[in-house]
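Take a look at the structure set out below.
A short reminder: the numbers here are calculations on the coordinates, not readings from a lab. Just so you know, these numbers come straight off a predicted model, no measurement behind them. In this analysis, Cβ positions are derived from the backbone assuming ideal geometry, glycine residues included, and neighbour counts consider all displayed protein chains.
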């Protein structure tokens, strides 16, 4: 067959004077698949650095907004970190006043004007911190949605330039998941993880500085708890990650099976395939249930483990702090501040560990989007095509083989002679519809 539709790059052979059908209708792949049929969440990107560089290119128009977000995140974290230290001063003042009152020291008592000023200062700090957090969330949400809009726009334009060969080798789910799930994953990471990781890193650094300013000995004792927390967290993440991958894979298979059965309902009924369809669904659904149960159970262990490790840290810090307070090394209010800092210190570490896995999944999702955008496009039609008007003659097909893939030839050894008709285009149209039917089945 002569270059059967050059733009589709098919595998073809034989000779003819006609162009065959383009194959399956657009969007119908060799296997059915629902919107999530092609999901690959939980996988690692093959080229992490290259993918992140391409994603940064989409973020470049919003660098000023990102700079504002970073500045607001720093301000919000600083104000939030300063709160416990100031609150500790108020606690120390109350403790000293009550002790003086009980001891019978003349003029001793609680300085309520000092406490009032501390309370007003704390309210101001927390209000400003909340405003900064609200503003940074508003800005980063806008950036994430604009990046998602640009990605969806580019994919929409790309779809119209792709050859039919691409859609013949991909399922519905694989194509749709890049427009929906993969871009949503990127959008959610930009919206949540970007500001969260900035805040977490700043919080870890700031809290460490404040803890050392109170007592280096208590800080060392608190840090000694970290390796236990990190080991247990890494263990849970490592074991739950594989089940999350299985969950997403089986979820895609279930959606793909459902889409195939509903899309080909008449064919399934005609061949009495109801029992086999139900059995296949039950098998896939059971696998999805088992993987989802394990992944959710393991991920749910994270918070109880962190609370348990945090409580151990509180006990150690409280005992050591009480001993130092008796020795007059630190003030009573500093113990309260330090306990709050320990709570603030463990949480962002767990967040950073969790975000690192989210970023890996995001890189994998972004990589799939960029792979789609970099697919070979359809060759443009010639500027001066030959007009078929006035062409009268027979169409001969001899030993024609056609397929989009070498291992999947859909037309084998086709021989046909189409006689002259009044309408010269009628043989071509007729053969096109015949080949479409053959390709479909």
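Working from label points 7 Å from Cα in the Cα-to-Cβ sense, the residue 138 to residue 114 distance is 3.9 nm. Using the empirical formula 2.2 N^0.38 Å as the baseline, the Cα radius of gyration of the range 40-182 reaches a ratio of 1.89. Distance between the 7 Å Cα→Cβ label points at residue 415 and residue 378: 3.4 nm. Take the Cβ atoms of residue 314 and residue 276, set R0 to 45 Å, and the FRET efficiency comes out at 0.15.
The label point for residue 128 and the one for residue 326, both projected 7 Å from the Cα toward the Cβ, are 4.0 nm apart.
Evaluated at q = 0.11, 0.13, 0.15 Å⁻¹, the base-10 log of the normalised Debye intensity for the range 48-373, with identical point scatterers placed on the Cα atoms, takes the values -0.89, -1.09, -1.27.
So if R0 is 60 Å, what FRET efficiency would residue 371 and residue 216 give, r being the distance between their Cβ atoms, rounded to the nearest 0.05? After rounding, the FRET efficiency stands at 0.75.
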